[in-house]
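Participant: So that we are looking at the same thing, I have put the structure below in structure tokens.
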Amino acid sequence: MQTKVSPVFQVFERQHTEAKALFLVLGKQIKSKKCIELLGKMEFLELYCKMLGKIHFEQEGLEFDIFSSFKRLEKYLRKVHHLKLVERNFLEQERKTKQSYKSYCQHLTKQKKKLYNDTFDLVVGSSLKNWEHLFIEALQASKGLKPLEISSAIHQVINEELGFLQLEMKANLDSNALKETFDALKTIIMLENLLIHLGFNPIFVESIHGEIKALKDSLKPWYSNQLSLQSLTHFVAEKEAPSQKYLDWIIELKSQKKVLFSQAEKQAHQLFSKILV
């Protein structure tokens, strides 16, 4: 008798199909929008594999690193996303100040060209067998799974993320901690949605979900500012005599960072005090 595949695999299958289609599109031309869409799909696929690893960890020799062949691509897609955020902030700065930042624009264009070429080479140099292998491995690992096993694995991953947040709450939050908090919140949201999809009760009540989303939304502009500040600081450091407008822009970004950081830090402590024991 053939072992049944868990209904949760349907979610993986849909995400895998959509991700593979985006991958094939990028094999013709690299576009930031498609890269960002694919990154979101791959983050879910990686999380699903992590969940399977929690379920099958006791099997001898089963490391469950079935997502490993995609990690380099995921890294480059994230770089494309980051550069897009920096580029968006640059265009907004030009619009707002009505000034031209020609040398920085050339710097970003050069950076973008290299990144897009490297990403394209990585995509066209990848084998579709990797996608087939990922699908088959996930399919096999999803057979015979009981609902409670899945729920338990999801709870385990969420508890790990909460454990990380617990450590961050005890220490002073810095930029790196806020970035990792953002990643932890994304993971929690994805897994809570998966629990609800499977018919389980979510871990957190609706009001807490609202606060989680509010903090995540506050961290987006903070992170975008952080990336722009890093990019511009690196650009200016390579100049012997940078124009004053670039120095003024750095001062402005630092001022914005303080405000955004303070807001996110306050929200984080308020949320953590409610969800962490």
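The values are calculated or read from the model by the stated rules, or taken from the named source; none is laboratory data. Worth saying up front: this structure is predicted, and the values here are computed from it rather than measured. A quick note on method: Cβ atoms are made from the backbone with ideal geometry, for glycine too, and the neighbour counts reach across all protein chains shown. Surface accessibility is based on the protein's heavy atoms, side chains included, excluding ligands, DNA and RNA. Shrake-Rupley method; radii C 1.70, N 1.55, O 1.52, S 1.80 Å.
Participant: Hey, can you tell me all the residues within region 185-223 that are without any contact (Cβ under 8 Å) to a residue 12 or more places away in the chain and either in the same structural domain as Lys54 (by the TED database) or of a type in the set (Val, Ile, Thr) (or both)?
Facilitator: Ile196, Val205
Participant: Can you give me the number of residues within region 20-46 that are among the small types (Gly, Ala, Ser) and either at positive phi or touching a residue at least 60 places away in the same chain (Cβ under 8 Å) (or both)?
Facilitator: Residues flagged as among the small types (Gly, Ala, Ser) and either at positive phi or touching a residue at least 60 places away in the same chain (Cβ under 8 Å) (or both) within region 20-46 amount to 1.
Participant: Those residues that are modelled with pLDDT of 90 or more, farther than 30 Å from Lys28 by Cα and hydroxyl-bearing (Ser, Thr, Tyr), I need them from region 126-175; list them, please.
Facilitator: Ser142, Ser151, Ser152 - these are the residues of region 126-175 that are modelled with pLDDT of 90 or more, farther than 30 Å from Lys28 by Cα and hydroxyl-bearing (Ser, Thr, Tyr).
Participant: Going by what's in this entry, would Gln226 be described as open to solvent by less than 30 Å² (accessible area, probe 1.4 Å), under 30 Å from Tyr101 (Cβ atoms) and not assigned by the TED database to the domain that holds Leu108?
Facilitator: Against the criterion (open to solvent by less than 30 Å² (accessible area, probe 1.4 Å), under 30 Å from Tyr101 (Cβ atoms) and not assigned by the TED database to the domain that holds Leu108), Gln226 qualifies.
Participant: For residues that are assigned to a helix (DSSP H, G or I) and either open to solvent by 20 Å² or more (accessible area, probe 1.4 Å) or of a type in the set (Lys, Arg) (or both), tally how many sit in region 163-207.
Facilitator: The total comes to 22.
Participant: Return the residue satisfying two criteria in turn: it lies in region 3-31 and is of a type in the set (Ser, Thr, Tyr) and surrounded by fewer than 17 Cβ atoms within 10 Å (Cβ to Cβ), and of such residues it is nearest to Arg88 (Cα to Cα).
Facilitator: Ranking the candidates gives Thr17 first.
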